[in-house]
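Engineer: Here it is, the structure, as C-alpha cells.
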C-alpha cells in the first residue's frame, strides 16, 4: 500500500530505549519522580522499526536468543516496561497547521505489544492490538510540555503459546513467539513496522479499498471503494490507471461517490510465475476538497481467479482446484512464518529474497500462517511481481488444549475490525488468492466427529467472512484450514469423500514403502500442510552451539529439546553406532525422499487434488530437527533441492488448459 500524499514525517531511524521496573516510568510522571529518575536499563540506541531484544543484543545487555538455550536468558525482557523515545518538531508542526482545520496524526503500522503513547508527560493514547494499524490524533497535545514522543510497552499477555486454550484467548498479538514446536519462547516487544506523523485534513485516504477484475468480455474493471474514508461533502475525485511505463490507460473525474469504477480496455493479464515481465498497473486516487488535496495509489493486476470443483469430488465438497486465467494450476507451495521471532529486525530485502528463493525452488503459492502476523508490504509486492499466489490467514490459530475461538460480542467486533484492516491494506494485491479465518480451528466438543473443522456458522469466523464479502467481493474466504468433514486424512477412510482440505501427516514411523502406499491411495482434494522431519546441517548446529564436542547422546538430546522436542523420535531410535553428524545427514536425506514420494503422488492425481503445501518453508530458529526445508541461514535442505528437481521435471504439467 502507498501512503497518502498528506505531508508526512517518517519516524523510522534511531530512537532511545529504556527499560523500567514495572510502572517506574509512570511514577516518574508524578511528584515522586526523584525516586525513579534513572531507568533500570539504558538509555541505549534502538533502531525503529525494531525490537527491544534486538537493541539489547546490540548493546551487549542481552545475549542473542539464537545460540544454544540462550533464549531463556532473555525471557526477563517480558517482565520490564520499555520506553521508545524520540524528539519531534512540535513548534514547527503547530505552525504548519495554524489557521487551518488540519490535524497531526501519529500512525503506526504495527505496535507489537500493549501500552501508551505520550507527548511530553501527557498520555495521548493506548494500544493493545498488534494486528491493526494504530492512529493517534496528537494535534491538541503538541506544545503543552515538550517535544518528546514516547511509546511505552507494558503488559505482555499470558497463555498465547502453542499449548493452551484458543477459547480463552483475549489478546491480539502474534502467538508463535510464545513458543511453538519449531521455536522456543522468544516474545517480541517493539515497533514492528512503519511509523510516521501525518499532517493533513481530518479526512484521509488510507482506508480506500481497490479491486481489479476481468470481465467476461476481456475488459478490466477497477472498483474504488471510498466508504471507509469518511470524505466530506462536495469533494471531487480524480481516478486514473497507468501501466508499468506510467502511461495513463484510463481516467475519470467527478463528484465523490461511495463506489467508483473505471473500465480498462483489454488489459494485459497478470500471470502466475510469468515467463515475461509481469503485467502490473497503478491506480491513482486524488481527492480535492477546497484547497485541500490528498492522493494515494495502489498496485493492481488483472487476472481471473476461480476455484472449481475437483473431478470426482463428493457432491458436498468445496472446490479446491485453482484456475487462473482459465488455466487449472497445481498449487505447489510452502507455509510461511516470520523469518525471525523478532520479526521487527528483519529487513525488507531479506523478505524479498526469501520469496524469490521459493520461486526459484519451483513453488507458486505461499500461505501466510494464522499464528503470526500479516507480512510486511514488501512481501506482497514481491509476490505480485514474481507471480507467486498468496493464501492469507487471519490471526487465529489452534492450541493444544482446545481449538475453538471465543464468540462473544467483544471478540466478534474486534475480529471484524482486524479482518477489515487486513482486507483494506492487502486486498488489492493480484497475488492474493484466498482469505482464511485462521489455522486449525475446530469444535471444542463435537460428539459426531471429534476435531471436525469449524465452519462459517461460527460467529467469529462468519463476521470475518462478511467483511471479506463486503470489501473484497468475489474473493474466496474459507472459515478455517483444514476444512471439510475431517482434519487429517486417514487411510482407513480413503474413498469415502471425507477428505477435502486436510492437514498432515507431519510424522510417519513406517518405512518408505508404507509411506508410498498411503499416498498412492490418497483421495484428498487439497493438502495444505504436509511435513516430514529433517535435520539441519552440522555446520549450522556447530555455529549456534547446538553440537558441542564431547556431549553424549542424552545431553545432545536435552540441548536439542529446547527447540526441536517434538521431532526427535528419529534421533532417539537411530542406530547407536552411527555418529551424530552422519545421522544428521541421513535425517535430511530421508526428509527429501519422503517428501518427493508424497509430492510425486499428488502431482499424478492432479486435478483430482488441487495442491500440496509444505509445513513448513523455513526455520525461524536454528532447530536441530524441524519440518522446514530451508534452514535458519536460508540454505535449502536436500528436501528443497529434491522437490525443485521434481517440480522442474513436471514443468508444463503443473497447469493445463482443460475446461
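Engineer: Does residue 447 count as assigned to a loop (DSSP other than H, G, I, E, B) and at pLDDT below 95?
Structural biologist: It is true that residue 447 is assigned to a loop (DSSP other than H, G, I, E, B) and at pLDDT below 95.
Engineer: Name the residue that is surrounded by the fewest Cβ atoms within 10 Å (Cβ to Cβ), counting only residues in segment 534-544 that are in contact with a helix residue (DSSP H, G or I) (Cβ under 8 Å, 6 or more places away or on another chain) and not in a helix (DSSP H, G or I).
Structural biologist: Residue satisfying both the conditions and the ranking: 537.
Engineer: For residue 209, indicate whether it is over 22 Å from residue 105 (Cα atoms), at pLDDT 95 or above and in contact with a strand residue (DSSP E or B) (Cβ under 7 Å, 6 or more places away or on another chain).
Structural biologist: Criteria not met by residue 209.
Engineer: Here's a check for you: in segment 243-256, which residue that is loosely packed, with under 15 Cβ neighbours inside 10 Å and assigned to a loop (DSSP other than H, G, I, E, B) is modelled with the lowest pLDDT?
Structural biologist: Going through the qualifying residues, I end up with 244.
Engineer: Please count how many residues of segment 352-401 are part of a loop (DSSP other than H, G, I, E, B) and over 29 Å from residue 456 (Cα atoms).
Structural biologist: Counting residues in segment 352-401 that are part of a loop (DSSP other than H, G, I, E, B) and over 29 Å from residue 456 (Cα atoms) gives 4.
Engineer: A further question on this structure: Keeping to segment 298-315, report how many residues are crowded, with 18+ Cβ neighbours inside 10 Å and either touching a helix residue (DSSP H, G or I) at 6+ places or on another chain (Cβ under 9 Å) or in a strand (DSSP E or B) (or both).
Structural biologist: 6
Engineer: Which residue, of 94, 170, 135, 155, is in contact (Cβ under 8 Å) with a residue 12 or more places away in the chain, part of a strand (DSSP E or B) and surrounded by fewer than 19 Cβ atoms within 10 Å (Cβ to Cβ)?
Structural biologist: 135
Engineer: Looking at 117, 61, 77, 44 in this structure, which one is assigned to a loop (DSSP other than H, G, I, E, B), outside the structural domain of residue 633 (by TED's automatic domain parsing) and surrounded by 15 or more Cβ atoms within 10 Å (Cβ to Cβ)? Walk me through how you get there before you give the answer.
Structural biologist: Values: 117 fails: assigned to a loop (DSSP other than H, G, I, E, B); 77 fails: assigned to a loop (DSSP other than H, G, I, E, B); 44 fails: assigned to a loop (DSSP other than H, G, I, E, B).
Matching residue, one of 117, 61, 77, 44: 61.
Engineer: Just to verify a result, which residue in segment 567-593, among those that are outside any helix (DSSP H, G or I) and more than 22 Å from residue 505 (Cβ to Cβ), is modelled with the highest pLDDT? Step through it out loud before you land on a result.
Structural biologist: Residues of segment 567-593 outside any helix (DSSP H, G or I): 568, 573-579.
In the following step, the residues that additionally are more than 22 Å from residue 505 (Cβ to Cβ) were identified as 575-579.
On the way: 575: 73, 576: 69, 577: 77, 578: 86, 579: 90.
That would be 579.
Engineer: When you scan segment 534-545, do you find a residue that is touching a residue at least 12 places away in the same chain (Cβ under 8 Å) and under 21 Å from residue 333 (Cβ atoms), even just one?
Structural biologist: Yes, segment 534-545 contains at least one residue that is touching a residue at least 12 places away in the same chain (Cβ under 8 Å) and under 21 Å from residue 333 (Cβ atoms).
Engineer: Also, I was wondering about something else. Can you find a residue that is closer than 19 Å to residue 303 by Cα and touching a strand residue (DSSP E or B) at 6+ places or on another chain (Cβ under 7 Å) anywhere in segment 398-419? Steps first, please.
Structural biologist: Restricting attention to segment 398-419, the residues satisfying the condition of being closer than 19 Å to residue 303 by Cα are none.
No, segment 398-419 contains no residue that is closer than 19 Å to residue 303 by Cα and touching a strand residue (DSSP E or B) at 6+ places or on another chain (Cβ under 7 Å).
Engineer: From 113, 54, 68, grab the single residue that is under 16 Å from residue 136 (Cβ atoms) and in contact (Cβ under 8 Å) with a residue 24 or more places away in the chain. Talk me through it step by step, then tell me what you get.
Structural biologist: Numbers: 54 fails: under 16 Å from residue 136 (Cβ atoms); 68 fails: under 16 Å from residue 136 (Cβ atoms).
The unique qualifying residue is 113.
Engineer: Would you call residue 131 touching a helix residue (DSSP H, G or I) at 6+ places or on another chain (Cβ under 8 Å), more than 29 Å from residue 545 (Cα to Cα) and not assigned by TED's automatic domain parsing to the domain that holds residue 534?
Structural biologist: yes
Engineer: Can you list residue pairs whose Cβ atoms sit under 7 Å apart, with the first residue in segment 232-246 being free of Cβ contacts under 8 Å to residues at least 40 places away in the same chain and the second being in a loop (DSSP other than H, G, I, E, B) and surrounded by 15 or more Cβ atoms within 10 Å (Cβ to Cβ)? Count only pairs 6 or more apart in sequence or on different chains.
Structural biologist: 244/280
Engineer: Would you check if residue 431 is touching a helix residue (DSSP H, G or I) at 6+ places or on another chain (Cβ under 8 Å), surrounded by 19 or more Cβ atoms within 10 Å (Cβ to Cβ), assigned by TED's automatic domain parsing to the domain that holds residue 350 and touching a residue at least 24 places away in the same chain (Cβ under 8 Å)?
Structural biologist: Yes: the conditions hold for residue 431.
Engineer: Also, quick follow-up: Residues in segment 257-297 that are surrounded by 16 or more Cβ atoms within 10 Å (Cβ to Cβ), farther than 30 Å from residue 360 by Cβ and over 29 Å from the mean Cα position of the chain (by Cα): how many?
Structural biologist: 10
The values are calculated or read from the model by the stated rules, or taken from the named source; none is laboratory data. Worth saying up front: this structure is predicted, and the values here are computed from it rather than measured. Note that we place each Cβ from the backbone using ideal geometry, even for glycine, and neighbour counts take in every protein chain shown.
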